[in-house]
Amino acid sequence: MSPRNKPRLHERRPGFAWPLIAFGVLLLVAAAFLLTRPGDTGGTPQIAVDQQAIDYGYVKFGETREFTFTVTNAGDGALRFKEKPYIEILEGC
C-alpha cells in the first residue's frame, strides 16, 4: 500500500464541542446574574431611627445603663444592608 492510499487514523472532524461549551458557559453566567440580582421592589427605602442621640448622663465606672431604640423603614422599597450596620458611640465632655 502506498502512503497515499493509507487510511488516516487521526482525521480531524469538524468540532462542534467548543460552540456548545461556550453556549453552556454563557447560559450559566446569565443564570447566575439573574439569580443574584436583588429584586426590583419599585420603591425607595429610607431608614428611620426613633432617637438620633441618647444622653446617658454621668455614668460611674462599672455602672451599666440600658436603652432601647427602634429602627424602621420609612420608605416604600425593601431596606437591605450590604454590610453590618454601623453604630458609633461618642463620649461627651
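Among the residues making up the stretch 31-59, those that are hydrophobic (A, V, I, L, M, F, W, C), modelled with pLDDT under 85 and not in a loop (DSSP other than H, G, I, E, B) are ALA31, ALA32, PHE33, LEU34, LEU35. Residue-level analysis places TYR86 outside the set of residues that are at pLDDT below 85, surrounded by 10 or more Cβ atoms within 10 Å (Cβ to Cβ) and at negative phi. Of all the residues in the stretch 60-85, those that are assigned to a loop (DSSP other than H, G, I, E, B) and within 13 Å of VAL49 (Cα to Cα) number 6.
The values are calculated or read from the model by the stated rules, or taken from the named source; none is laboratory data. Please read these numbers as outputs of a predicted model, since none were measured by experiment. Note that we place each Cβ from the backbone using ideal geometry, even for glycine, and neighbour counts take in every protein chain shown.
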